[in-house]
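J.: The structure is given below, and queries will be raised subsequently.
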Amino acid sequence: MNHSRSNLIYAGNVALESSKPTRIEFERQLRRVQRDVLRMGALVENSCWLARKALFERDLEAAEQIRPQDKQIDQLYRQIELDCVNLIALQTPVTQDLRLLSAIMQMIRDLERIGDYAEDLGEIAVKLFPYPVNPCMDRIQIMLDRCRAMLAMGLASLSNMDAESGLDIKLKDDAVDSDYESLYNLLARQTNVQGSIEPYILLVLVIRHVERMADHATNIGKRVAYIVTGQR
C-alpha cells in the first residue's frame with residue numbers, strides 16, 4: 001500500500017476523531033446556556049412575584065428586594081449573551097444551532113426587560129403606599145397574574161421545546177390587552193378626583209408596564225416556536 005495514501009487516510013481519521021469531541025463540547029456548552037436562560041427566567045419570575053407583593057399586599061420589604069435581584073438578572077444577561085457570541089464565533093454551529101443561539105439572545109433581552117418592568121412596579125408601589133387603596137387594584141392584580149402565567153408558560157415551552165404551547169401564549173396576551181384598554185379608560189376618565197392625581201397617574205403607569213411585560217412574554221413563546229419549527 002502507498003505510504004503517502006495511508007498517511008492521508010490516517011490524517012483524515014484523526015481529523016474526524018478530533019471533530020467529535022469538539023461537537024460534544026459544543027453541545028455541552030449549549031445545554032449550559034439553555035440552563036442559564038431558565039435560571040435567569042426563574043429570577044425574573046421571582047421579581048414579578050415580589051412586585052405583586054409590593055403592589056397588592058403593600059409589602060415595602062418585597063419592593064426593596066427587587067433591585068438587588070435585578071442586578072443578578074442583568075449579570076446573567078451579559079454572561080449568556082457573551083457565551084452565545086463565543087459559541088457562534090469560536091465553534092462551527094449548524095443552521096439549527098444558529099437558530100437556537102440567535103433566538104436565545106433575543107429571548108434574554110425579553111427577560112431582561114420584564115425584570116426591569118418588575119423593578120419599576122416595585123418603585124411605583126413605594127410611591128403608592130401613602131395613598132388609599134384604589135378600587136381598581138383587584139382588576140390590576142388579575143391583569144398582572146395573567147402576565148405572570150404567560151411568563152411561566154413561555155419558560156415551560158422553552159424547557160420542553162414545545163412550539164404549540166409557546167404560540168398559545170398569544171391568546172392570553174389578547175386578554176391582557178383587553179384589561180389594559182378597559183382599565184386605562186376607567187383611570188383616565190375619572191371626573192370626581194379628590195386630592196392628588198398622582199395615584200391615578202401611577203396606576204396608568206402600572207398597567208402600561210404590565211401590558212409591555214405581557215408583550216415580552218408573548219415574544220418568548222414565539223421565539224421558542226421559531227427554534228423548533230424554523231418559521232417566524
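J.: Over 25 Å from residue 34 (Cα atoms) and assigned to a helix (DSSP H, G or I): which single residue out of 219, 185 fits that description? Break it down into steps so the answer makes sense when it comes.
T.: Working: 219 fails: over 25 Å from residue 34 (Cα atoms).
Sole residue among the options that is over 25 Å from residue 34 (Cα atoms) and assigned to a helix (DSSP H, G or I): 185.
J.: Applying the selection to region 143-161, what residues are in a helix (DSSP H, G or I) and under 23 Å from residue 228 (Cα atoms)? Steps first, answer last, please.
T.: At the first step, the residues of region 143-161 found to be in a helix (DSSP H, G or I) are 143-160.
Selection gives 149, 150, 151, 152, 153, 154, 155, 156, 157, 158, 159, 160.
J.: OK, next. Filtering region 200-232 down to residues that are free of Cβ contacts under 8 Å to residues at least 60 places away in the same chain and among the hydrophobic types (A, V, I, L, M, F, W, C), which residue is least open to solvent (accessible area, probe 1.4 Å)?
T.: 204
J.: Only residues that are open to solvent by 50 Å² or more (accessible area, probe 1.4 Å) and under 17 Å from residue 137 (Cα atoms): list them for region 183-192, please.
T.: 184, 185, 186, 188, 189, 190, listed by residue number.
J.: Now a separate question. Quick one: which residue in 179, 174, 145 is among the acidic types (Asp, Glu) and open to solvent by 60 Å² or more (accessible area, probe 1.4 Å)?
T.: Details: 179 fails: open to solvent by 60 Å² or more (accessible area, probe 1.4 Å); 145 fails: open to solvent by 60 Å² or more (accessible area, probe 1.4 Å).
Step by step, each of 179, 174, 145 is checked, and only 174 is among the acidic types (Asp, Glu) and open to solvent by 60 Å² or more (accessible area, probe 1.4 Å).
J.: Let me ask another. Can you find a residue that is among the polar types (S, T, N, Q), assigned to a helix (DSSP H, G or I), over 20 Å from residue 102 (Cβ atoms) and at pLDDT 50 or above anywhere in region 34-46?
T.: Within region 34-46, the first condition is being among the polar types (S, T, N, Q), and the residues that meet it are 34, 46.
With the extra rule that they be assigned to a helix (DSSP H, G or I), the set shrinks to 34, 46.
Subset that is over 20 Å from residue 102 (Cβ atoms): 46.
From the residues that got through so far, the ones that are at pLDDT 50 or above too are 46.
Yes, there is a match, as at least one residue in region 34-46 is among the polar types (S, T, N, Q), assigned to a helix (DSSP H, G or I), over 20 Å from residue 102 (Cβ atoms) and at pLDDT 50 or above.
J.: If you go through region 21-69, how many residues are open to solvent by less than 40 Å² (accessible area, probe 1.4 Å), over 20 Å from residue 129 (Cβ atoms) and within 14 Å of the chain's Cα centre (by Cα)?
T.: Looking only at that region, the number is 6.
J.: Would you mind stating whether residue 76 is modelled with pLDDT under 95 and surrounded by 17 or more Cβ atoms within 10 Å (Cβ to Cβ)? Show your work before the answer.
T.: Working: modelled with pLDDT under 95: no; surrounded by 17 or more Cβ atoms within 10 Å (Cβ to Cβ): yes.
No; evaluated as a whole, the condition is false for this residue.
J.: Please indicate, with yes or no, whether at least one residue in region 189-204 is assigned to a helix (DSSP H, G or I) and either within 20 Å of residue 43 (Cα to Cα) or charged (D, E, K, R) (or both). Can you show your working first?
T.: Filtering region 189-204 down to residues assigned to a helix (DSSP H, G or I) leaves 198-204.
Okay, now just the ones that are also either within 20 Å of residue 43 (Cα to Cα) or charged (D, E, K, R) (or both), so 198.
Yes, the conditions are met somewhere in region 189-204.
The values are calculated or read from the model by the stated rules, or taken from the named source; none is laboratory data. Remember, it's a predicted structure, so these values are computed and weren't measured experimentally. Heads up, the Cβs are rebuilt from the backbone with ideal geometry, glycines too, and the neighbour counts pull from every protein chain shown. Accessible surface is based on the protein model in full, side chains and every heavy atom, while ligands, DNA and RNA are left aside. Shrake-Rupley method; radii C 1.70, N 1.55, O 1.52, S 1.80 Å.
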